[in-house]
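I have placed the structure first, in the form of structure tokens, so that the comments after it can refer back to it.
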Amino acid sequence: LLARSLADIQQCPFATILLSEVTEEDPEYRDAWIVLGYCRLQLQDAVAALAAFEQAYGLDPEKAETQYFLGLSYERSGAAAEAEKFFGYALQNGFQPQRSLREKLAQLALRKGNYQEAEEQYRASLSIPQGQREDVSDISERERGTLHHALVSVLLEHLHDLPAAEEAAGVARDE
């Protein structure tokens, strides 16, 4: 708990020391591995973060947070296909906030030239259904504007779909 509190206040160097001791003493402590991986990501050590998240994943392969952080670690390590796979798992297992996950998936789709997938992910991030933990009203105007801009850019620059781009821009203007 102390290590998690340290991580929450961005004191990851200290948390990492504690968590290394905890995971050495109890290698089955999944949450300690997750927080250790998080701290290592914060310290810009994607390789060590990946190792910690792989330990947590081995203990509980269904935990959406572990899958998301594995995706981040793979992305930062340059392994886009692995990142996409784990982001997909996290989405299937209900990771929240879904919006940031969908944005990551859209960005990966753009990098590999899958513009249709990028469009779908941006649209989904703008219309997360009511009743889920997050709601489209939960994001700032600036964030919504950024999402709308990304969607319109994909529609215009990559899919060359002027009518859909005009419609998306109109929705953005009306919000």
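The values are calculated or read from the model by the stated rules, or taken from the named source; none is laboratory data. A quick note: this is a predicted structure, and the numbers were derived from the prediction, not measured. Positions of Cβ are generated from backbone atoms using ideal geometry, with glycine treated the same way; all protein chains shown enter the neighbour counts. SASA here: full protein model, heavy atoms, side chains in, ligands and nucleic acids out. Shrake-Rupley method; radii C 1.70, N 1.55, O 1.52, S 1.80 Å.
Just to confirm a number: summing +1 for Lys and Arg and -1 for Asp and Glu over residues other than Y29 whose beta-carbon lies under 14 angstrom from that of Y29, what do you get?
Taking every other residue near Y29 into account, the sum is -4.
Could you give the length gained on full extension between L159 and S5, defined as 0.36 nm per residue of separation minus the Cα-Cα distance, in nm?
Fully extending the segment from L159 to S5 adds 50.9 nm.
Using helices alone, what [θ] at 222 nm do you get for the chain, with -39,500 (n - 2.57) per DSSP H run of 4 or more residues, divided over all residues and rounded to the nearest 500?
Numbers: 10 runs with 126 residues, N = 175.
That calculation yields -22500 deg cm²/dmol at 222 nm.
Between D60 and N93, what length in nm is gained on full extension when 0.36 nm per residue of separation is reduced by their alpha carbon distance? Present the calculation step by step, with values, prior to reporting the outcome.
On the way: separation 33, 0.36 × 33 = 11.88 nm, distance 1.23 nm.
Residue separation times 0.36 nm, minus the Cα-Cα distance, leaves 10.6 nm.
Residues of the chain: accessible area per residue at 1.4 Å, in Å²?
56 Å²
When the chain is fully extended, how far beyond the present Cα-Cα distance does Q44 get from I17, taking 0.36 nm per residue of separation?
That works out to 8.1 nm of additional length.
How many times 2.2 N^0.38 Å is the alpha carbon radius of gyration of the stretch 23-163?
1.14
If I model a spin label at D174 and E24 as a point 7 Å from the Cα along the Cα→Cβ vector, what separation in nanometres do I get?
About 6.1 nm separates the two model spin labels.
Let me know the charge dipole size of the chain about its Cα centre in debye, to the nearest 20, where only the beta-carbon of Lys, Arg (+1) and Asp, Glu (-1) is charged.
That gives a dipole near 240 debye.
Placing +1 on the Cβ of each Lys and Arg and -1 on the Cβ of each Asp and Glu in the stretch 1-138, which of A118, V35, L6 has its Cα farthest towards the positive end of the resulting dipole?
A118
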